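Engineer: Starting off with a structure, shown below.
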Amino acid sequence: MKKLLFILMSLTLLAFAGCDDDNSSSVTPVSAQQSSMEISDVLYSAENEHLFAAVTVTASDAQGNPLPGRYVNIISTSELVTSDASNVLTDAQGTAVINLISHNIIDATITAQISDYVASETAVTVDATEVVSFSLTVSGEALAPEYSHSGAIFDVAFSVSDSQGAVEGALIDITSPSGVTTEDATGITDESGLFVTKSTTALSGYSDFDISIAGIVDPFPLSILFYGPEIGGDLSVGLSYAHMTHPRVTAMGIIPGENTITLTGTIENSVPVSPMDLDANWQLNLPIIPPEDMMFSVDGGEAALTLPVIFDDLNENEIFDEGEEYLIAAKLTGGLPVFMAPDTGESVGWMLMEELADNPVFLDWDTNHLDLDIVIYNAPVRFPVFAGSVTDTDYTSKRIAFIAVSATELENVMETPDFWTIFSNPQYSYSLLDTPVDSAGNYSGDAEDPMAVLSAAQLDEWKQEFDVGAGHMVQQLLIFPLYYQDVDGSGSFTAGDLPAGSLQPPPGAHEHISYVLNLPDDIIIFSGEQLWLHRGYNLWGSPLDYSITAMANAGANHNFTLDTDELPEMASFSFVVRDPSADDEDPPVASGVFSTLNSTTVQTESCTGCENVTTGMEFIVTQTWANTTFVDWSEPLNFGLFN
């Protein structure tokens, strides 16, 4: 009986062994090429405080048929990215889903393995890999500032978003930098992914925060811009051929004195504007609190005064550097930005002052702060177009030249009969423009920039200096306009050529051309609401003026003998008589209308105050210009023959 039982058991075991061999040989192989792996977008789970992505693996055979009941594992190249399960069986569709989880901002390469058994040597690596970026976007913006003389309070909105948008319920912790105080440093994002708190600071510019999100290992560094009040307006140029290569607008601190202005430097912020020959709009943020070197003492506290500045950002670093050329706003409507910090507890800060005055008037900020329109009259003129006409009867071989000349040497030779030979001597002169006159008597040409074509030694030796008041010295090059016959046909004025004429100014006036090499800051600031002295080429007119050497009554009229024997013919021209010791603002001694009697004498046709005139006073012809007037380069420069 025992023997029979042993035989039956042996047969049963053999039968089972045979059955196992048959099952093993019938398992369908997994195809690495037909199987697939898909990874979802990376999301942040506020509830679980981690980043995650779903990996869907589909096991398939060589014909693309799904293989249920196979084991799936996910492999990551980073140990900081883990799976929430292992050895996950595929379902009836041959699919298994496993979540990747990370607490770090990191990239990892992901692969999938499929096997018939757990820990089987038959594992097949799916023929697909994917780099997954575990990321989260954290941003911040300072909004709705409330300014005072001690600083500003901002609403700061922190935003958290993942690949699908706003993250609600994220726990956020804020570490503020030195100089910034944050009211609520911990909070939870709302349905828009925002957490809004308040920060107080006196610092302008970017401040660096560290923002921690629950479950994420490393904090997010974040730079937030804190800004002062905004000013702005329109910018236009009040003269032709203004020249700046990279113009930007900023604000310069100014400390006013009794007779002087001290410039304290610019704020750090600046904005670009359109090329100088076009109108432009500008908007600029002032500092929350001005730098200490801009502040000065006033009754009851401290103040800072600023003016918009247009500067030429030659090195394109967006800030004003020493040596870069700048322009103070020549005309500014809407007020001057001024910062007031009273000694008392009263809160002031930035305001708009109508104008500098002992009892200033302050304007409404909200109404005027973006209407600070600027008109620039003192921009450099480097490459003007000279154009006009010539009064003559024959224009054959005639040319126009504008010649820079040594002021000292010109003075030495001016009274000599052949003084014009200096204009062909390269030791003392350089032709900045030489252009032909056409058959109709017209000419036109672009002038060169003396600072680009003359050496530093020439500029220094040829320059002329003059005092424009308050000890301010201006350096300029004299430019002589010459109409000549090009005898040798060289196209330039040479020793054998014949001078024929020069500028023909309007009646009763002179015209002058020079190139200003430097200009004091005070002159730039006080240039006023009109075209005035500026760097580069200057064209200005002035009235004829003479000293009265003798006078006599001529019935109801008056005869004035003047210190000249070359009076031009003038009929019914207006005039004034001034005391040479009087201030410019003082009224004239006399005014009226006159005509020329001869080369030395004029006779009045009408006069008010002539009974008060004495010898030594100035007789000024005001028919064209009442005083020195700067002329725009778009006006024609007309020539006539020497008389």
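The values are calculated or read from the model by the stated rules, or taken from the named source; none is laboratory data. These numbers come from a predicted model, not from an experiment. No Cβ is skipped: glycine too gets one built from the backbone with ideal geometry, and neighbour counts run over all protein chains shown. Heavy atoms of the whole protein, side chains included, go into the accessibility calculation; ligands, DNA and RNA do not. Shrake-Rupley method; radii C 1.70, N 1.55, O 1.52, S 1.80 Å.
Engineer: Ranked highest first by average number of other Cβ atoms within 10 Å, how do 620-628, 398-406 line up?
Structural biologist: On the way: 620-628: 17.8, 398-406: 23.1.
Order by mean packing, descending: 398-406, 620-628.
Engineer: For a bin width of 10 Å, list the pair-distance distribution of the chain built from all Cα-Cα distances, rounded to whole %.
Structural biologist: That works out to 3, 11, 14, 14, 13, 10, 8, 8, 6, 5, 3, 2, 1, 1, 1, 0, 0, 0, in percent per bin.
Engineer: Something else about it: In nanometres, what is the gap between the two model label sites at residue 65 and residue 615, each 7 Å from Cα along Cα-to-Cβ?
Structural biologist: 13.3 nm
Engineer: Sum up the charges of everything whose Cβ sits under 15 Å from the Cβ of residue 599, counting Lys and Arg as +1 and Asp and Glu as -1, but leave residue 599 out. Each step should come with its number before you reach the end.
Structural biologist: On the way: positive: none; negative: 563, 565, 566, 569.
Local charge sum for residue 599: -4.
Engineer: Another question, then. Using a 1.4 angstrom probe and counting only protein chains, how large is the accessible area of residue 453 in Å², to 10?
Structural biologist: About 50 Å², rounded to the nearest 10.
Engineer: Another question, then. Calculate, for residue 642 and residue 321, the FRET efficiency according to 1/(1 + (r/R0)^6) with r their C-beta to C-beta distance and R0 45 Å; round to the nearest 0.05.
Structural biologist: Values: r = 48 Å, r/R0 = 1.07.
E(calc), rounded to 0.05, equals 0.40.
Engineer: Excluding residue 176 itself, calculate the net charge of residues whose Cβ lies under 12 Å from the Cβ of residue 176, where each Lys or Arg counts +1 and each Asp or Glu counts -1. Intermediate results must be reported in sequence, preceding the final value.
Structural biologist: On the way: positive: 198; negative: 173, 183, 184, 208, 210.
Net charge around residue 176: -4.
Engineer: Amide H to amide H under 5 Å from residue 590: which residues, 5+ apart in sequence or cross-chain, H placed 1.01 Å off N in plane?
Structural biologist: Here 577 satisfy the definition.
Engineer: For the stretch 274-293 and the stretch 626-643, compute the distance between their C-alpha centroids and round to whole Å.
Structural biologist: 36 Å
Engineer: What is the Rg over Rh value, at two decimals, for the stretch 535-643, using alpha-carbon atoms and the Kirkwood definition of Rh? Don't skip to the answer; put the middle values down first.
Structural biologist: Numbers: Rg = 15.1 Å, Rh = 15.0 Å.
Radius of gyration relative to Kirkwood radius: 1.01.
Engineer: How high is the FRET efficiency between residue 362 and residue 117 when r is their beta carbon distance and R₀ equals 56 Å, given to the nearest 0.05?
Structural biologist: Working: r = 86 Å, r/R0 = 1.54.
Efficiency at R0 = 56 Å is approximately 0.05.
Engineer: Rounded to whole Å, give me the distance from the Cα center of the stretch 201-249 to that of the stretch 424-480.
Structural biologist: What the calculation gives is 42 Å, centre to centre.
Engineer: A further question follows. What ranking of 618, 79, 511, 346 comes out by heavy-atom accessible area, probe 1.4 Å, highest first? Don't skip to the end; give the middle numbers.
Structural biologist: Values: 618 60, 79 165, 511 40, 346 115 Å².
The ranking, largest first, comes out as 79, 346, 618, 511.
Engineer: Follow-up question, since we're still on this one. So how exposed is residue 363, as accessible area in Å² (1.4 Å probe, rounded to 10)?
Structural biologist: 50 Å²
Engineer: Between helix 2-25 and the chain, what is the angle of the helix's C-alpha long axis to the longest principal axis, kept within 0 to 90° and rounded to the nearest 10?
Structural biologist: Helix 2-25 sits at roughly 20 degrees to that axis.
Engineer: Let me ask something additional. Of all the accessible heavy-atom surface of the chain, with the other protein chains kept in place and a 1.4 Å probe, what percent is carbon and sulfur?
Structural biologist: Details: 15590 of 31610 Å².
The nonpolar share, carbon plus sulfur, comes to 49 percent.
Engineer: What does the accessible area per residue of the chain come to in Å², with a 1.4 Å probe and no ligands, DNA or RNA counted?
Structural biologist: On the way: 31610 Å² over 643 residues.
That works out to 49 Å² per residue.
Engineer: I'd like the distance separating the alpha-carbon centroids of the stretch 48-114 and the stretch 585-620, in whole Å.
Structural biologist: One Cα centre to the other: 105 Å.
Engineer: Can you give the accessible area of residue 492, probe radius 1.4 Å, in Å² rounded to 10?
Structural biologist: Residue 492 has an accessible surface of roughly 50 Å² with all protein chains in place.
Engineer: So what J values fall out for the stretch 210-215 if you push phi through Karplus, 6.51 cos²θ - 1.76 cosθ + 1.60 with θ = phi - 60°, rounded to Hz, Gly and Pro as x?
Structural biologist: Residue by residue, the stretch 210-215 yields 10, 10, 9, 10, 3, x Hz.
Engineer: I'd like the Karplus ³J(HN,Hα) series for the stretch 557-572: coefficients 6.51, -1.76, 1.60, θ = phi - 60°, whole numbers in Hz, and an x wherever there's a Gly or Pro.
Structural biologist: Values per residue, Gly and Pro as x: 9, 10, 9, 10, 8, 10, 7, 7, 10, 10, 5, x, 6, 9, 10, 6 Hz.
Engineer: I would also like to ask the following. Can you compute the FRET efficiency between residue 397 and residue 626 using 1/(1 + (r/R0)^6), with r the Cβ-Cβ distance and R0 = 30 Å? Round to the nearest 0.05. Present the calculation step by step, with values, prior to reporting the outcome.
Structural biologist: Numbers: r = 40 Å, r/R0 = 1.34.
My answer for the efficiency is 0.15.
Engineer: If you don't mind, there's one more thing I want to ask. Treating only the Cα positions of the stretch 349-417 as identical point scatterers, give the base-10 log of I(q)/I(0) from the Debye formula at each q in 0.16, 0.17, 0.22, 0.23 Å⁻¹.
Structural biologist: -0.86, -0.93, -1.15, -1.15
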